[in-house]
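One structure is given below, encoded as structure tokens.
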Amino acid sequence: MPTGVHLRDARQQLFDAAERVLLRDGPNGLTSRAVTDEAACAKGVLHRHFTDFDAFLVELVLDRAAQLETQAHALHETVGTGTVADNLTSALTTLFGPVPVAIIPLITFRDELRARLRQARPGGGIAILAQVSTAVSAYLADERAMGRISADADIDSLTLSLVGGGHLLFADRDPGPPTTATVHKLVTTVLADVVQRRPR
């Protein structure tokens with residue numbers, strides 16, 4: 001691999017390369033060598049920008065977690081429109097896209113990464129899941145305030161059920177992501193007792 005390759009935005013190109021490796025080879029295939037090979041640059045490029053590989057992974061996770069803020073905002077914009085179940089079905093399908101789902105096991109199995117994420121951001125030990133939970137919880141609270149979810153609904157429990165169940169549905173990537181109907185069934189089951197039905 002040539003050592004003189006100039007990367008205009010080295011950090012972003014390394015992040016993008018890591019994402020491709022992660023999606024193709026999984027967490028076990030994500031090494032510093034695999035990343036720099038994928039980015040077509042010398043291994044030293046990564047270490048010029050990051051103190052070590054775990055520091056690189058922390059920044060990768062935080063960068064991808066920040067991208068979920070856009071999807072969280074889109075969910076917030078649906079408050080009071082359509083149906084609660086349809087809005088959450090769409091949001092879970094987006095929030096648990098291929099990249100977030102691939103990053104979660106990376107965090108789970110790398111103790112050092114998890115420890116550094118906690119230092120970088122309060123409650124950030126399991127980033128991605130934290131972002132999804134925050135988005136879903138805020139949405140449910142807003143819908144409850146609008147009266148579309150019953151006033152006594154336990155937002156924390158609903159969020160845990162939706163995010164935990166959603167993650168389980170999307171975590172098995174081999175047969176491909178779950179169908180919209182499967183996700184919708186999960187959502188409607190979780191919300192069955194709290195969604196306010198309009199009188200006929």
Counting just the residues of the range 112-127 that are free of Cβ contacts under 8 Å to residues at least 60 places away in the same chain and open to solvent by 50 Å² or more (accessible area, probe 1.4 Å), which one comes out nearest to the chain's Cα centre (by Cα)? 126
Quick count over the range 74-133, residues being among the hydrophobic types (A, V, I, L, M, F, W, C) and more than 19 Å from residue 182 (Cα to Cα), is 19
Condition broken by residue 157, with the remaining ones in (1) assigned to a helix (DSSP H, G or I); (2) surrounded by 15 or more Cβ atoms within 10 Å (Cβ to Cβ) satisfied: (2)
Any residue at all in the range 128-148 that is in contact with a Leu (Cβ under 8 Å, 6 or more places away or on another chain), surrounded by fewer than 18 Cβ atoms within 10 Å (Cβ to Cβ), under 18 Å from residue 72 (Cα atoms) and at pLDDT below 95? no
Residues located in the range 8-67, provided they are in contact (Cβ under 8 Å) with a residue 24 or more places away in the chain, in contact with a Cys (Cβ under 9 Å, 6 or more places away or on another chain) and under 26 Å from residue 129 (Cβ atoms): 14
Within the range 32-82, considering residues that are among the small types (Gly, Ala, Ser), part of a helix (DSSP H, G or I) and more than 19 Å from residue 116 (Cβ to Cβ), the one most open to solvent (accessible area, probe 1.4 Å): 74
Condition first: in a helix (DSSP H, G or I), within 18 Å of residue 22 (Cβ to Cβ) and not polar (S, T, N, Q). Now tell me which residues in the range 85-110 satisfy that. 95, 98, 99, 100, 101, 102, 103, 104, 105, 106, 107, 109
Report the residue count in the range 175-200 for those that are among the charged types (D, E, K, R) and either in contact with a Ser or Thr (Cβ under 7 Å, 6 or more places away or on another chain) or at pLDDT 95 or above (or both). 1
Would you call residue 172 closer than 18 Å to residue 99 by Cα and either acidic (Asp, Glu) or modelled with pLDDT of 95 or more (or both)? yes
Working carefully through the options 35, 79, 58, find the one that is modelled with pLDDT of 90 or more, on the phi < 0 side of the Ramachandran plot and touching a Lys or Arg at 6+ places or on another chain (Cβ under 8 Å). 58
What are the pairs, 6+ residues apart or on separate chains, where a residue within the range 137-148 that is without any contact (Cβ under 8 Å) to a residue 40 or more places away in the chain has its Cβ under 9 Å from a residue that is assigned to a helix (DSSP H, G or I) and of a type in the set (Asp, Glu)? 137/156
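The values are calculated or read from the model by the stated rules, or taken from the named source; none is laboratory data. Remember, it's a predicted structure, so these values are computed and weren't measured experimentally. When we count neighbours, we look across all protein chains shown, and the Cβ atoms used for this are built from the backbone with ideal geometry, even at glycine. Accessible surface is based on the protein model in full, side chains and every heavy atom, while ligands, DNA and RNA are left aside. Shrake-Rupley method; radii C 1.70, N 1.55, O 1.52, S 1.80 Å.
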